[in-house]
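One structure is given below, encoded as structure tokens.
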Amino acid sequence: EAEVAQSPRYKITEKSQAVAFWCDPISGHATLYWYRQILGQGPELLVQFQDESVVDDSQLPKDRFSAERLKGVDSTLKIQPAELGDSAMYLCASSPRTFGYGYTFGSGTRLTVV
Amino acid sequence: EDQVTQSPEALRLQEGESSSLNCSYTVSGLRGLFWYRQDPGKGPEFLFTLYSAGEEKEKERLKATLTKKESFLHITAPKPEDSATYLCAVQAPGTDKLIFGTGTRLQVFP
């Protein structure tokens with residue numbers, strides 16, 4: 001069964017350092033999402049890509065977060081500088097263009113900022 | 001503002017004891033309602049999509065139903081392996097964005 005790959009699985013970083021997460025969606029999936037899930041809460045959308053273009057980044061804290069999907073395949077999410085409040089699970093998901101298809105999520109990257 | 005509220009926050013069941021999880025939503029036109037299962041330390045796993053009031057979908061011991069204001073996830077004769085957090089999400093017209101509730105944490109004991 002096809003999977004969304006994410007790395008690393010866990011990341012511990014010090015406050016004010018830079019950190020990056022990588023996502024490889026299911027082959028052929030044009031739409032890619034980055035969600036953030038704080039412990040005990042539901043996931044919240046950070047950014048959505050359609051191919052290589054950003055469709056929605058209204059909830060992305062752009063002063064410190066950036067995301068790219070240069071060739072419309074894999075994607076990188078970066079935080080610089082990291083803050084204590086950024087500690088969370090960062091989830092990547094992908095879906096085909098067809099509406100109504102449930103997203104497929106990756107296993108996520110658990111970030112701890114100390 | 002589009003909003004999703006799930007109840008109860010946590011549910012403990014004996015194996016075989018059937019029950020229901022609730023998802024109430026407020027959205028300006030529902031494009032779809034999604035149920036996901038999430039195991040600790042993992043990403044959500046897709047279960048169902050419902051589109052219109054009256055629709056029902058089933059998968060093994062799970063059955064999801066939808067009305068104009070809420071959705072229910074019925075669990076029949078649960079087993080310990082059904083223990084997980086169940087997340088509900090809605091999708092509004094004109095967007096692919098999912099708005100999630102905070103989930104119901106289900107524990108099934110032998």
Any chance the stretch B:41-49 includes a residue that's part of a loop (DSSP other than H, G, I, E, B) and of a type in the set (Ser, Thr, Tyr)? no
Please state which of the following conditions B:Leu106 fails to meet, knowing it meets all the rest: (1) assigned to a strand (DSSP E or B); (2) open to solvent by 10 Å² or more (accessible area, probe 1.4 Å). (2)
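Could you tell me how many of the residues in the stretch B:20-39 are among the β-branched types (Val, Ile, Thr) and open to solvent by less than 40 Å² (accessible area, probe 1.4 Å)?
1
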Taking B:Arg12 as meeting all but one of (1) assigned to a loop (DSSP other than H, G, I, E, B); (2) surrounded by fewer than 20 Cβ atoms within 10 Å (Cβ to Cβ), write down the number of the exception. (1)
For the stretch B:54-103, enumerate the residues that are open to solvent by 60 Å² or more (accessible area, probe 1.4 Å) and acidic (Asp, Glu). B:Glu56, B:Glu58, B:Glu60, B:Glu81
Picking from A:Ala18, A:Ala30, A:Ala93, A:Ala82, the residue that is on the phi < 0 side of the Ramachandran plot and either touching a Phe, Trp or Tyr at 6+ places or on another chain (Cβ under 7 Å) or of a type in the set (Ser, Thr, Tyr) (or both) would be A:Ala93
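Does the stretch A:38-62 hold any residues that are part of a strand (DSSP E or B) and open to solvent by 20 Å² or more (accessible area, probe 1.4 Å), and which are they?
Hits for the stretch A:38-62 are A:Glu44, A:Gln50, A:Ser53, A:Val54, A:Val55, A:Asp56.
The values are calculated or read from the model by the stated rules, or taken from the named source; none is laboratory data. Remember, it's a predicted structure, so these values are computed and weren't measured experimentally. Every residue, glycine among them, receives a Cβ derived from its backbone with ideal geometry; neighbour counts consider all protein chains shown. Just so you know, the surface numbers come from the protein's heavy atoms only, side chains and all, with ligands and any DNA or RNA stripped out. Shrake-Rupley method; radii C 1.70, N 1.55, O 1.52, S 1.80 Å.
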